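Undergrad: To start, I am sharing the structure in question, which I have written as structure tokens.
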Amino acid sequence: MTIASYGEDIYQRFEYLDSDAAKALMKLIYSARNDGVWIVSVSAFRDVERQRLLFENQVERRGSIEAASKISAPPGYSEHHTGLTVDLADGRFPKQDITSQFENTDAFRWLQKNAEKFGFEMSFPAENKQGVMYEPWHWRFVGSENARAIFAKAKNLF
């Protein structure tokens, strides 16, 4: 289900989520707006080829597959492949999307207090069991039985 458009002109892309996750996200976004907070989706479903390009870019920037894996999932292993994960930003601070500075926004503070009500949780909090870099912008939908089953293994590591 289409949930958003991000970018303009040749950089414009459309974002997609599983229908249950998309409906929950729309409810979350409108609830936040009612509270004066502007949450926007900047990245959702990714196919394996798109993830391959992102991962290869990180390998080049970081110098190794191991270092890149702390920043970006290898193709075939990204939560974005499930259609249940979305990267969120504060619409008032677009330059802070997909950065740790997102944690200093009203959108992040609102998500910490309210995301669970809509079936979302932060995938990679600080010092997460998976050893993935802290990503305050990266949220997964766990509000359905199917979604909980998909992420159960990641949540119960170690």
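The values are calculated or read from the model by the stated rules, or taken from the named source; none is laboratory data. Being a predicted model, the structure only gives us computed values, none of them experimental. Positions of Cβ are backbone-derived with ideal geometry, glycine not excepted, and every protein chain shown enters the neighbour counts.
Undergrad: What tally of residues in region 97-110 results from selecting those that are crowded, with 19+ Cβ neighbours inside 10 Å and in a helix (DSSP H, G or I)?
TA: Residues of region 97-110 that are crowded, with 19+ Cβ neighbours inside 10 Å, as a first pass: 97, 102, 105, 107-108, 110.
Add one more test, that the residue is in a helix (DSSP H, G or I), and what stays is 102, 107-108, 110.
Going through region 97-110 one residue at a time, the tally reaches 4.
Undergrad: With region 1-53 as the region, which strands (runs of 3 or more DSSP E) entirely inside it contain at least 2 residues that are of a type in the set (A, V, I, L, M, F, W, C)? Explain how you work it out, then say what you get.
TA: Working: elements: 2-6, 13-16, 39-43.
Those strands (runs of 3 or more DSSP E) span 2-6, 39-43.
Undergrad: Next question, about the same structure. Six or more apart or on different chains, Cβ under 8 Å: which pairs go from a residue in region 121-137 that's in the same structural domain as F151 (by TED's automatic domain parsing) and over 17 Å from A67 (Cα atoms) to one that's surrounded by 15 or more Cβ atoms within 10 Å (Cβ to Cβ) and hydroxyl-bearing (S, T, Y)? Could you list them?
TA: Filtered contacts from region 121-137: S123/T85.
Undergrad: May I ask you to verify whether A89 is modelled with pLDDT of 90 or more, surrounded by fewer than 16 Cβ atoms within 10 Å (Cβ to Cβ) and not in a helix (DSSP H, G or I)?
TA: Values: modelled with pLDDT of 90 or more: yes; surrounded by fewer than 16 Cβ atoms within 10 Å (Cβ to Cβ): no; not in a helix (DSSP H, G or I): yes.
For A89, the condition - modelled with pLDDT of 90 or more, surrounded by fewer than 16 Cβ atoms within 10 Å (Cβ to Cβ) and not in a helix (DSSP H, G or I) - is not met.
Undergrad: All but one of (1) outside the structural domain of K27 (by TED's automatic domain parsing); (2) part of a loop (DSSP other than H, G, I, E, B) hold for A67, so report the exception by its number.
TA: For A67, the failing item is (2).
Undergrad: Provide a single number: the residues in region 111-145 that are assigned to a loop (DSSP other than H, G, I, E, B) and either at pLDDT below 90 or touching a helix residue (DSSP H, G or I) at 6+ places or on another chain (Cβ under 8 Å) (or both). Show your work before the answer.
TA: Our first condition is that a residue be assigned to a loop (DSSP other than H, G, I, E, B); within region 111-145, this holds for 119, 125-134, 142-144.
Imposing the further condition that a residue be either at pLDDT below 90 or touching a helix residue (DSSP H, G or I) at 6+ places or on another chain (Cβ under 8 Å) (or both) reduces the set to 119, 127-134, 142-144.
So the count comes out to 12.
Undergrad: If you check every pair at least six apart or on different chains, which have Cβ atoms under 6 Å apart with a residue in region 73-88 that is in contact (Cβ under 8 Å) with a residue 24 or more places away in the chain first and a residue that is aromatic (F, W, Y) and assigned to a helix (DSSP H, G or I) second?
TA: P75/F55
Undergrad: So, one more: What residue, of D18, D47, is modelled with pLDDT of 95 or more and surrounded by 11 or more Cβ atoms within 10 Å (Cβ to Cβ)?
TA: Numbers: D47 fails: modelled with pLDDT of 95 or more.
Only one candidate passes the filter, namely D18.
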